Amino acid sequence: EDPNFDEAIMNLVAVLAEQEKSVEAEQYVSRLVNKKKTARVYVDMANLSIKNGSSAKAKLYYEKALAIDRHEPFVLSNYANYLISIGELDEGERILNQLEEHDFAVMYNLAYIEWLRGNIIDAYRKAQDAAKMPDISEEGNNKLAALFAGMKQYYDEAETLRRLIIWNPKVEYRLRLVKSYIHAQELEKAFDEANGLLADYPANPDVIVQYYD
């Protein structure tokens, strides 16, 4: 109804990005960049560039965002995430640690840095702290579950996936939950979940194969 309602456009961008429709999302953000050159818009553009596989464009947009406001926590947290993704762990960690408030994104990234360094004990402790953050989202739970799986902490992975399924009970998450139960030697729980999946999706090939296995 109102093509100039910028807040609605930004919320639509967030939804499209969550749905992995990053190309479409980038088109909407491009409209904002042309009329509203704010640090937040540049950060959103940078994040979409990363999703589209263009780290060079992401770097350019982050530089623009930092030039506008290099003290804004939202900008710094996202920039640190970018640095971690290209292997600049020390600088990413330095930026995260200087932030006064640690939300889920900060705690998760600190845990992820320790995991990349091979410090599994510190990574696990920080990942547990991240799981307790009140602002954790569906995407956050998804990433955290994958991190626990990488650390072979399957009970924590299963707990995270259960929270994720309450959020969104899609097949992919439920299939991963069965695998986490198997890895944790919780075979009765794995079988019960596999039974439930088969009852809900009797024609899904992945469900049938997992049930057979």
- Item | Quarter of the Cα convex hull surface for the stretch 154-197, i.e. its orientation-mean projected area (nm²) | 2.5
- Looking at the stretch 182-213, which chymotrypsin sites (Phe, Trp or Tyr not before Pro) are DSSP coil and have at most 15 other C-beta atoms within 10 Å of their C-beta? none
- Message: Set the bar at 23 Å for Cα to Cα. Now go through LYS64/LYS132; LYS37/LYS59; LYS132/LYS152 and name every pair that lies beyond it.
- Response: LYS64/LYS132
- Take every Cα pair under 8 Å in the stretch 170-213 that's 6+ residues apart, average their separations, divide by the length, and report that relative contact order as a whole percent. 34
- Over the chain, what is the mean sequence separation of C-alpha contacts under 8 Å (at least six apart), divided by residue count, expressed as relative contact order in percent? 9
- Query: Percent relative contact order of the stretch 1-65, based on C-alpha pairs within less than 8 angstrom and at least six residues apart?
  - Reply: 26
- Query: Among residues other than GLU139 whose Cβ falls under 12 Å from its Cβ, what is the net charge (Lys/Arg +1, Asp/Glu -1)?
  - Reply: -2
- Item | Sum of side-chain charges, ALA80 neighbourhood, beta-carbon under 13 Å (Lys, Arg +1; Asp, Glu -1) | -4
- Message: Helix 187-200 against the longest principal axis of the chain: what's the angle in degrees, Cα atoms only, rounded to the nearest 10?
- Response: 70
- Evaluate 2.2 N^0.38 Å with N set to the residue count of the stretch 90-213, then give the Cα radius of gyration divided by it. 1.18
- Message: Order 88-95, 71-78 from most to least packed using the mean count of other Cβ atoms within 10 Å.
- Response: 71-78, 88-95
- How many nm is it between the label spots at GLN19 and ILE86, if each spot is 7 Å from the Cα in line with the beta carbon? 3.1
- Task: Hey, can you find the accessible area per residue of the chain for me, probe 1.4 Å, expressed in square angstrom?
- Result: 57
- Task: Alpha carbons only, please: Rg and Dmax for the stretch 15-74, in angstrom.
- Result: 10.9, 30
- Query: What translational diffusion coefficient, in µm²/s and rounded to a whole number, does the Stokes-Einstein relation yield for the chain at 10 °C and a viscosity of 1.306 mPa s, taking the hydrodynamic radius as the Kirkwood radius over Cα pairs?
  - Reply: 84
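The values are calculated or read from the model by the stated rules, or taken from the named source; none is laboratory data. Because the structure is a prediction, the values reported are computed rather than measured. Here the Cβ is made from the backbone with ideal geometry for all residues, glycine too, and neighbour counts use every protein chain on show. The protein model used for the area step is the full one, side chains on, heavy atoms only, and it has no ligands, DNA or RNA in it. Shrake-Rupley method; radii C 1.70, N 1.55, O 1.52, S 1.80 Å.
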